Amino acid sequence: DAVVHWFKMDLRVSDNRALFLAGEKAREAGVPLIGLYVVSPQDFEAHLRAPVRVDFMLRTLRVLREDLGKLDIPLWVETVGKRREVPGRVVELMEGWGARHLFVNVEYEVDELRREAKMARMLMEKGMTLQVAHDTCVVPPGALKSGSGRQYAVYTPWYRSWVKHVHENLELLEMSEPPARNPPEARLKLAGLFDCEIPRAPEGKRLTKEEEKKFAALWPAGEHEAKKRLAKFCEDVIARYADSRNIPSVSGTSSLSVHFASGTLSARTAVRTARDSNNTKRLDGGNQGIQTWISEVAWRDFYKHVLVNWPYVCMNKPFKPEYSNIEWSYDQDHFQAWTEGRTGFPIVDAAMRQLKGMGWVHNRCRMIVASFLSKDLLLDWRMGERYFMEHLVDGDFASNNGGWGFSASVGVDPQPYFRVFNPLLQSEKFDPDGDYIRKWVPELKGVMGKAIHDPYGRGAEVIAKKAGYPRPIVEHKGARERALVAYKAGLESG
Ligand code: FAD
């Protein structure tokens, strides 16, 4: 007999709810614990996994294999071509290992919930058990209800209720212990499983050798890196987060999203560690930076709760049905200019180049480029949402969909549609000295002073032209008017 923990977006040993339960089950039964990970290239396609994200995940698996190995727990990595064959293959593997109990942390996306339901049926037919745990959110979806008994569709009251719920259920922040070491005979009994190779990224999701090197240095993988980064952030930066979080030229945020997205860091550990660095036990008290950071981590919970309550957001539909009738543009030249960072709006172009260069973009700039795509260019926001997923190292369906819904004003608790970011004002406010722009748009390196925000409009035309920097592809004021008309018309026809 054996117990299996199926790793998914929870690629860590410490503070992992289902892994802890699996370990307990194995210890009580005196049987070994086996870790399993299923690579499904078709899943990568369906979920638009960015090559840089796949690479991060495969590097993480190596760390995980080593950490589990120290506990004499093997990590078996199985590649399954077709994703509908995944549950059947998991059952086959379990049969081969003589395992009767499977443990997983729930993933809340529609496809994954369906797969879990299928999995549960198949296991039941074989007399096997499936135990699921809530792990990825601090507060499990479904736990918070508004006064009228519904899921909150507005963040602020939801957040108040989130804080209250955590304060009243402090076990939600408690850490789960890593599983106990496997019995000594496990090494012998499961010998073949310890030699499992971590596969290469599948065709179409592969980085070049150069990119592999660059991204490995930018985003070191594994839970130890995550913990180090969290500790350093809590020591050096978090107290100033409220002021520094909006300035993309400084490292004022945690850069932990890649770890949350792959599960190399648990949100519980993050919130608990942040709270413990505060001089209060409250999540909404004490240092302003710490409070603000915790409330940002809570946004991640919020969007996952939204996904569970309104699963149709997984199906390419706007959260607000009345926004289905907006007539979007599908202008390929505009879209290409946006993806390439050649719109002629320096702050937009810097952000889009940061996306390609790092697989990550500062939150302020994600909002700026999302607003620009959906309002200034009136392009279908889903084109941008998709492009982000295809390029982000931290691509996460719920947060990405939520962020696009917010910026394009079609999501839950969105920016009102008539609030259109002015890229020039955003640039002046959040990149006042142009350092961020100069870093990512080297054509404008020689442009001094305020001209950096709008080289063609502010007298730096000669430099910009000579360097081949494009003129703005739209005129903001007119584009804004066009967006307002289109949004209004869409809403009225709905
Ligand atoms: P910090 O400022 O240090 O915040 C800490 C953590 O809180 C983040 O790591 C993240 O897990 C969470 N968080 C912060 N802001 C948000 C938010 N607005 N929504 C949800 N969670 C948040 N985040 C993703 O993790 N994956 C995505 O695919 C993603 N796509 C986005 C798309 C758009 C259009 C927008 C506007 C935002 C998106 N975000 C996404 C949210 C946010 O931009 C990133 O989480 C953040 O920039 C990550 O940097 P950080 O770890 O330094 O954040």
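Tabulated data
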{"item": "Identity of the residue in the stretch 291-321, within 14 Å of the ligand (Cβ to nearest atom) and basic (Lys, Arg), that ends up surrounded by the fewest Cβ atoms within 10 Å (Cβ to Cβ)", "result": "Arg300"}
{"item": "Selection count, the stretch 347-371, where residues are more than 11 Å from the ligand (Cβ to nearest atom) and either on the phi > 0 side of the Ramachandran plot or in contact with a Pro (Cβ under 7 Å, 6 or more places away or on another chain) (or both)", "result": "2"}
{"item": "Residue identified as closer than 30 Å to Arg206 by Cα, hydrophobic (A, V, I, L, M, F, W, C) and crowded, with 21+ Cβ neighbours inside 10 Å among Leu33, Leu19, Leu58, Leu48", "result": "Leu19"}
{"item": "Filter result for Ala261 (near the ligand (Cβ under 8 Å from one of its atoms), under 17 Å from Asp15 (Cα atoms), in the same structural domain as His167 (by TED's automatic domain parsing) and more than 13 Å from the chain's Cα centre (by Cα))", "result": "no"}
{"item": "Any chance Val441 is free of Cβ contacts under 8 Å to residues at least 40 places away in the same chain and not assigned by TED's automatic domain parsing to the domain that holds Pro248", "result": "no"}
{"item": "Subset of the stretch 448-483 [within 21 Å of Asp431 (Cα to Cα) and more than 35 Å from the chain's Cα centre (by Cα)]", "result": "Met448, Gly449, Tyr456, Gly457, Arg458, Gly459, Ala460, Glu461, Ile463, Ala464"}
{"item": "Residues being free of Cβ contacts under 8 Å to residues at least 40 places away in the same chain, surrounded by 14 or more Cβ atoms within 10 Å (Cβ to Cβ) and more than 16 Å from the ligand (Cβ to nearest atom) - total across the stretch 184-235", "result": "1"}
{"item": "Residue list for the stretch 81-113, filter: closer than 26 Å to Thr264 by Cβ and among the charged types (D, E, K, R)", "result": "Arg83, Arg89, Glu107, Glu109, Asp111, Glu112"}
{"item": "From the options Arg300, Arg245, Arg240, residue that is more than 20 Å from the chain's Cα centre (by Cα) and not hydrophobic (A, V, I, L, M, F, W, C)", "result": "Arg240"}
{"item": "Any hit, the stretch 165-175, residues being charged (D, E, K, R), part of a loop (DSSP other than H, G, I, E, B) and under 25 Å from Leu33 (Cα atoms)", "result": "yes"}
{"item": "Identity of the residue in the stretch 374-392, among the aliphatic types (A, V, I, L, M) and either more than 9 Å from the ligand (Cβ to nearest atom) or in the same structural domain as Val258 (by TED's automatic domain parsing) (or both), that ends up nearest to Met57 (Cα to Cα)", "result": "Met383"}
{"item": "Long-range neighbours under 9 Å by Cβ, at least six apart or interchain, first residue farther than 13 Å from Asn287 by Cβ within the stretch 240-251, second of a type in the set (Val, Ile, Thr) and assigned to a helix (DSSP H, G or I)", "result": "Arg245/Thr292; Pro248/Ile347; Ser249/Ile437"}
{"item": "Count of residues meeting criterion [within 18 Å of Met119 (Cβ to Cβ) and basic (Lys, Arg)] in the stretch 63-98", "result": "4"}
{"item": "Close pairs (6 angstrom Cβ cut-off, 6 or more residues apart or separate chains): of a type in the set (Asp, Glu) in the stretch 389-407, in a helix (DSSP H, G or I) anywhere", "result": "Asp394/Ser257; Asp394/Val258; Asp394/Ala261; Asp396/Ala261"}
{"item": "Sole exception among (1) over 30 Å from Asp111 (Cβ atoms); (2) surrounded by 21 or more Cβ atoms within 10 Å (Cβ to Cβ); (3) of a type outside the set (D, E, K, R) for Val250, by number", "result": "(2)"}
{"item": "Any chance Arg150 is more than 26 Å from Thr269 (Cα to Cα), charged (D, E, K, R) and crowded, with 17+ Cβ neighbours inside 10 Å", "result": "no"}
{"item": "Matching residues, the stretch 393-412, being more than 8 Å from the ligand (Cβ to nearest atom) and of a type in the set (A, V, I, L, M)", "result": "Val393, Ala408, Val410, Val412"}
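The values are calculated or read from the model by the stated rules, or taken from the named source; none is laboratory data. What you see is a predicted model; the values in this text were computed from it and never measured. Methodologically, a virtual Cβ is constructed for each residue, glycine included, from the backbone with ideal geometry; neighbour enumeration extends over all protein chains shown.
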